[in-house]
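Novice: Have a look at this one.
Read-outs throughout are calculated quantities, based only on the coordinates presented, and are distinct from any laboratory measurement. Bear in mind the structure is a predicted one, so any value in this text is a computation, not a measurement. Quick reminder, even Gly has a Cβ in these numbers, built from the backbone with ideal geometry, and neighbours come from all protein chains shown.
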Amino acid sequence: MIAAVPRGQVATYGAVARAAGLPGRARMTAYALRVAPEELALPWHRILGSGGRIVFPPGSRHFREQARRLRAEGVAVTRGKVPAAAIADL
């Protein structure tokens, strides 16, 4: 499901879990991303917390990298959040 999120759009951890048939298991989505081998090249940066927010601490290396990657794909990021229009419906 993570790989299905199109370039220039994002999905929430919860939406990925629901689309995978695991409603209420948003944390499982986060765990899957954390343990997935890099060789899978999953677009981790397209997965956000509820409301379309980056879940990493503001200013952290991961926060900056995720925001950079999203902006490179044309997704606006303002104070760690993306507009609702960028959130894909899985």
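Novice: Among (1) 13.0; (2) 13.9; (3) 13.3, which is the computed Kirkwood radius over Cα pairs in Å?
Specialist: Calculated Kirkwood radius over Cα pairs in Å: the matching label is (1).
Novice: Enumerate the amide H contacts of L48 below 5 Å, restricted to partners 5 or more residues apart or on another chain; note that Pro and chain-start residues carry no placed amide H.
Specialist: Residues meeting the criterion, in which the H sits 1.01 Å from N, are A11, T12, Y13.
Novice: Could you sort the peptides 11-17, 37-43 by per-residue average Cβ neighbour count (10 Å cutoff), highest mean leading?
Specialist: Answer by packing, highest mean first, reads 11-17, 37-43.
Novice: What value, in deg cm²/dmol to 500, does the helix sum -39500 (n - 2.57) over DSSP H runs of n ≥ 4 give at 222 nm once divided by the residues of the chain?
Specialist: Result for the chain, helices only: -9500 deg cm²/dmol.
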